[in-house]
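Structure first, then comments.
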Amino acid sequence: MNHRQYVELYLGLDADDELSQEKRREVSDHVTSCKECETLLATERETRAMLRENVPQIPAPDALRQRISASLDAADRAESRIMSARRFKRPIRWAAAVAIAALLAVIIVNGRTHSTANPAFDAAIASYVDSQRKFVPTVGAASTDELAVALINQFGVPLVWDFSSIGLTSRGGRIDKTPDGKVVAYSLYQGSKGSLLCIIKRDDSFRFPSGDQVVKGIHFYRYKGYSIAATNRYSVFCVMVTNLSVADLERALDRLPA
Amino acid sequence: MGETKSEKRSLFEGEALPHLDSLFTTALYLTRNQEEANDLCQETILRAYRSFHQFTIGTNCRAWLLTILHNLFRTNRSRAKPEHVSATVEEFERAIETESLRASCAQANPEDIVTAQSFDQSVQRALRDLPTDFQAALILVDLEDMTYKDAAGVLDIPIGTVRSRVSRGRALMRDALRLFARDRGLAGVET
């Protein structure tokens, strides 16, 4: 061992239970009797003191404390909602299944493709295509609850969907800003047969184009080879783009609250 | 823990929130960005709240929170840029040397350090610019006053690696500050 290694061991001796008694004694005896180690030890201690003296703890900003408090509130609310959803899930699922079956029949018979150009949908499709090349989640990759809480914080509503009925699972989300400073959230769902990107932002101006099917306030379109679902509730605009069929998207409604 | 939701919340806040400044300081140095530091702290607290039932009251809450924070930071960082895992000890040592060299090169403009308005600003800047692995070890051991063993637990690395990172981190700090430190008569600046 060189002198630096002796000093490194010596500095952590108190809390290091991996070293044998023999080794401890050897390190201690060497460092306390070696001039070079004495100098190195002084340098290490002075550097530590310099750091402690000149790098103060930085108080967490009040805005962060408020954000944390709000997100804990949201987590509490989400937990309550999950508990109550579990209580009522079964009857709702039956009712939804009946409604979906009827709706699917209507769509299969009357399915239409929307052909008029729509800039909002074009932008959504471009984001979807980008997400297929690269999507780095910044929130909720490990848990949809976490994603729900982040969306509640931003938009006041937990716009996280359960698409397991069509084989898609959440890959997490991103919360970004548009060039004009508006918050926009993306959440990606993927499965073996396809994927879906959900885009959420505040938008009072969006008007639903005609030629759609509407179920539970959600508008469905087939547009430029993609299936699109769009909602605009409480000024929160949510558009979903997928390469799966409109019927698949509809089927996923089974999981949505009425 | 069989407490009600509001009891759990106040217990959690009493245990965890006193360490928020500590978390924020660490997050700010790791991310070098206030917005990311805010996000990292918020995510840490939320994650801790959800798994609070796994925490034993009376044990080291600060170390527990810092472990969550570092885990989240590592996960986010590895998603952003896949980390190379050294296959052998020699490769690891070479990687560390390369990292040290890269850091020294990054700090090759000492003017930035010495032209800071004050010495404490220079120190903070030098710490901010350290490679993350060294910086994380240094913050835990020197600023958070953790033992090498606790720091090893937080960072999920062997205790020997903590020792080495702390020592190299201090050496990099001295190197970065040598011009300023020479004026102040700090020992060992030429090492």
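So which of A:L103, A:L72, A:L13 ends up being in contact with a helix residue (DSSP H, G or I) (Cβ under 9 Å, 6 or more places away or on another chain), modelled with pLDDT under 80 and assigned by TED's automatic domain parsing to the domain that holds A:I152?
Going through A:L103, A:L72, A:L13 in turn, just one is in contact with a helix residue (DSSP H, G or I) (Cβ under 9 Å, 6 or more places away or on another chain), modelled with pLDDT under 80 and assigned by TED's automatic domain parsing to the domain that holds A:I152: A:L103.
So A:D73 fits all but one of (1) surrounded by fewer than 19 Cβ atoms within 10 Å (Cβ to Cβ); (2) farther than 24 Å from A:R4 by Cβ; (3) facing chain B (nearest Cβ under 8 Å); what number is the exception?
All conditions are met except number (3).
Select from the stretch A:183-228 the residues that are in contact with a His (Cβ under 7 Å, 6 or more places away or on another chain) and within 22 Å of A:D130 (Cα to Cα) and write down the one among them that is surrounded by the most Cβ atoms within 10 Å (Cβ to Cβ).
Selected residue: A:Y221.
Hey, which of the strands (runs of 3 or more DSSP E) in the stretch A:170-219, taking only ones fully inside, have at least 1 residues that are without any contact (Cβ under 8 Å) to a residue 40 or more places away in the chain and closer than 18 Å to A:I125 by Cα?
Result: A:183-190, A:195-202.
Using beta carbons and a limit of 9 Å, which pairs, at least six apart or on different chains, have the first residue in the stretch A:47-59 and more than 7 Å from chain B (Cβ to nearest Cβ) and the second one at pLDDT below 90?
From the stretch A:47-59, the pairs are A:E53/B:D120; A:E53/B:V123; A:P56/B:D120; A:P56/B:Q124.
Among the listed residues B:A136, B:A151, B:A126, which satisfies the condition of being at pLDDT below 90 and either in contact with a Leu (Cβ under 9 Å, 6 or more places away or on another chain) or within 13 Å of A:L11 (Cβ to Cβ) (or both)?
B:A126
Considering only the stretch B:59-79, state which residues are within 12 Å of chain A (Cβ to nearest Cβ) and free of Cβ contacts under 8 Å to residues at least 12 places away in the same chain.
B:T75, B:S78, B:R79
Sort out which residues of the stretch A:229-257 are at pLDDT below 80, among the small types (G, A, S) and either surrounded by 21 or more Cβ atoms within 10 Å (Cβ to Cβ) or not assigned by TED's automatic domain parsing to the domain that holds A:L151 (or both), and write them in order of number.
A:A252
Tell me, which residue of the stretch B:21-58 that is charged (D, E, K, R) and in a helix (DSSP H, G or I) is nearest to the other protein chains (Cβ to nearest Cβ)?
Only one residue fits best here, namely B:D21.
Taking the condition of being aliphatic (A, V, I, L, M), part of a helix (DSSP H, G or I) and either closer than 18 Å to A:R52 by Cα or not assigned by TED's automatic domain parsing to the domain that holds B:R178 (or both), how many residues in the stretch B:122-160 meet it?
Result for the stretch B:122-160: 11.
Limited to the stretch B:154-176, what total is found for residues that are within 8 Å of another protein chain (Cβ to nearest Cβ), more than 15 Å from A:G12 (Cα to Cα) and surrounded by 24 or more Cβ atoms within 10 Å (Cβ to Cβ)?
Total meeting the criteria: 1.
The values are calculated or read from the model by the stated rules, or taken from the named source; none is laboratory data. These numbers were taken from a predicted model, which means no experiment stands behind them. A quick note on method: Cβ atoms are made from the backbone with ideal geometry, for glycine too, and the neighbour counts reach across all protein chains shown.
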